[in-house]
Structures are given as structure tokens and as C-alpha cells.
Amino acid sequence: MSEKLKNIFTVLLVALFLFGFFVWSLLLPDAETSTSERRHLALFPALSKDSVASGDFMTDFEKWSLDQFPLRDDFRTLKAITAFYLLGQKDNNDVYIVDGQAAKLEYPLNEDSIAYAAERFAWIYDHYLKDADTKVYLSVVPDKNYFLAEENGYPALDYTKFIESLRDKMPYADYIDIFGTLSADDYYSTDTHWRQEKLTEAAEMLAQSLGVTLDKQYTETQIDVPFFGVYYGQSALPLPADALNCLTNATLEGMRVFDYETNEYISLYDMEKAYGKDPYELFLSGSKSLLTIENPAADNDRELILFRDSFGSSIAPLLATGYAKVTLVDVRYLSPNLLGHFVDFTGKDVLFLYSTLVLNNSEMIK
């Protein structure tokens, strides 16, 4: 075969491949969501004279073609395996693997973000806490990079500077350091979050500073569902599933959780959500703006107001064993301006418990 014929054959083969996949994508029904990436996918755009003239159709068509490409997840995995294992790339989509733990690069330190978070917390303090006879505390949840990044040659935040910056901006709050109670193995290997069954030491550290006594005996229950966390989809690597566990005892089983969004009582552990797209939402039904946990077995009448992000969902039940009532507030979803309508802060303990991930990307805080 001549060189010219070889070139023609190669071009035709590539054209046939591309055309075949294009026709295949047109025939396939559009998938609305990507389970592995936990996001909505672009759907085929509406064709109109205006959308073509403005260029919107082609822009949306390009997004659709990338999201609805046949065997998309398989090609993503193939590309990730090639880059990560064959070519020796240190990360894929900013996700790296160390000793079976997946983590996503979080760098650099965002001083403006820390300042913004502290500014919003100060607004809450000035309007609700300063004159309400409250005891105010601050604690920070480290992301997995704290344990994995720097010692394995990846860029890392200056966590000492991070905490000092936040503490300087929140002089009204007593800082509780829980970094030393945690390790990389206390987090899900495929997800950002920490494991509830590994949090008893961190909860005890918080309780000692808050001056309450927690239950120390729990039964660990494994949920019959494989847990593939957010890094599983973002890395596109075939990572093994995590085990999903929750802690129970008589005190926890007797608690009542009220959801102000639905105006009804909900379960401490939502088994239906455990089998949903994000099994971590098992804990207190996931992202909720305002909840209360009532503990009828409490030996005191003390109450805790917990300002938190998603990390708080799994540790709050443990803290609730030391209080008569715990109110969980997530100001990513509820404007602080409205808090006075729902929460009485007088004489309460108040804990700001936030992860470095949220504090370093705090634009989500209202």
C-alpha cells in the first residue's frame, strides 16, 4: 500500500470513528446527571434563529457534546489511569492518592476568604452574642491535605498561619484545637469528610473545653451500601469504596431532630439518603439550614448553638449527648439576618466549627 493510500485510510478511519460516535450520541437519550461527578449534565440545546445568531446554540452544543459523549465515564477513567499510573502524573484533576487516601489540592491560602468568613462571624457576634451572656468558642476541622500534602511533595496551606489569622480576627472566641486528635485515616478515603466512628476523641476534646460530659460507649453500625465519595468521581480513577458507619446508643436513639425547613421532626440518621447520590447525607439529612437536636436523657439543661458546615453533621450527634438541646445553624443556606426569628442565644454555649475547605473558600457564607 502506497503512503498516499495509508494516509487516506487513516483519515477515513478517524472520520468514521468521530462520525460514528456523533451519531451514537444523537441516538442515545441524554443523561440528566452524572452519578460519579455528582453534577447535572448539559442537555441538547434548543435550536432557534436567535440562539444560532447569538452563538449560544454552538456554545451550548459544545457543552452537550462533551457531557453526553458515549462511554464518557469509561474514557475519563482510561485517561486518568494513563495519566496517573502510566505517565507518572502526580495528580489527576487536582486529586492525588497517598497510601490509599484520595485528596484534592487546596492551595494557596486565601487571606481574603478568611477575612470574609471572620467578618460574617463578627456580624453574628455583634448582633446576637455580645450582649446575650454567651460563651463563644471556635474550632477548625483540617482538610486531608494537612496530613498528606506537604510531606508527600504537594503544595500545602500554611496551617499555622491559617489558624493564627482566623484567631486574630475572632478575639471574642476561645479556640479549641482538635488537629492533634485526627489523622488521615479518620477521613473517608474517597471523600472530603471525616468518619463519625473516628470522632470520639475530637468530640471529647471539644466537650472538655465546653465543660460538658459526653457518652463514651457507642455501638458501631455499618450501613449496607458502598460509599464512593466526591473524589471518586473527580479523579475518575477506579478507587475502592469506603465503608459507611454510624454510632448509636440508647441516648442517641432517644433524640429528636426538628427540621425548620420542613417544619417536622426527622431522623438523626436518614437511611433513605444513605442510599442516595451522596451517602454522607445519612447524617442529619445532609445540607440543612437550621436544625435542633433534643436530648431527653440529658442530665443538665444546657444548650449549644453550633455554627457549622457539612462536617458538623456527623459530630453534632456526639456533642448532643452532653446537652439538653443543640441547635445547628448553617449560614451558607440561611442569612444571619433571619437568625433572631428562630434562635434564642441568651445564656447558650456557641461553637463556630468550620473546615479549612469552607474557610478558604468562604464566598458561600451569607
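In summary, segment 101-195 shows an alpha-carbon radius of gyration equal to 1.23 times the 2.2 N^0.38 Å reference for compact globular proteins. Which net charge results for the neighbourhood of Tyr154, defined as the other residues with beta-carbon distances under 12 angstrom from its beta-carbon, given Lys and Arg at +1 and Asp and Glu at -1? Result for the local shell: -2. Shown for segment 166-314: lysine pairs separated by 8 or more places, or found on different chains, whose C-alpha atoms are under 22 Å apart, numbering 4.
Distant-in-sequence amide contacts of Asp174, defined by a placed amide H-H separation under 5 Å and a gap of 5 or more residues or a different chain, comprise Val136, Tyr137, Leu138.
Computed from backbone phi, the HN-Hα couplings of segment 229-235 come to x, 5, 6, 4, x, 5, 7 Hz, rounded to whole numbers (Karplus: 6.51 cos²θ - 1.76 cosθ + 1.60, θ = phi - 60°; Gly and Pro given as x). Between Asp301 and Thr82, the simple spin-label model (points 7 angstrom out along Cα→Cβ) gives 6.9 nm.
Bridge orientation summary for segment 87-210: considering DSSP beta bridges with both residues in this region, about 65 percent are antiparallel. Between Arg120 and Thr262, the contour length at 0.36 nm per residue exceeds the alpha carbon distance by 48.5 nm. Taking 0.36 nm per residue of separation and subtracting the Cα-Cα distance, full extension of the segment from Thr160 to Ala53 would add 33.2 nm.
Note down the net charge around Glu303, summing +1 for each Lys or Arg and -1 for each Asp or Glu among other residues with Cβ under 13 Å from its Cβ. Here the charged neighbours net out to -1. Largest first and in whole Å, the equivalent-ellipsoid semi-axes of segment 193-332 read 26, 17, 14, each the square root of five times a Cα gyration tensor eigenvalue.
If R0 is taken as 25 Å, the Cβ-Cβ distance between Leu12 and Gln89 corresponds to a FRET efficiency of 0.15.
The peptide list 297-307, 171-181, put in order of mean Cβ contacts within 10 Å with the highest first, becomes 297-307, 171-181.
Taking the average, over residues, of other Cβ atoms within 10 Å as the packing measure, peptides 121-127, 309-315 rank 309-315, 121-127 from highest down. Among residues other than Asn337 with Cβ under 12 Å from its Cβ, the summed charge is +2 (Lys and Arg +1, Asp and Glu -1).
Take every DSSP beta bridge whose two residues both sit in segment 216-366; close to 65 percent of them are antiparallel.
Each reported figure results from applying straightforward, stated rules to the coordinates on display, with no laboratory input. The structure presented is a predicted model; accordingly, all values stated were derived computationally and were not measured. Because the Cβ atoms are built from the backbone with ideal geometry, glycine has one as well, and the counts that use them run over all protein chains shown.
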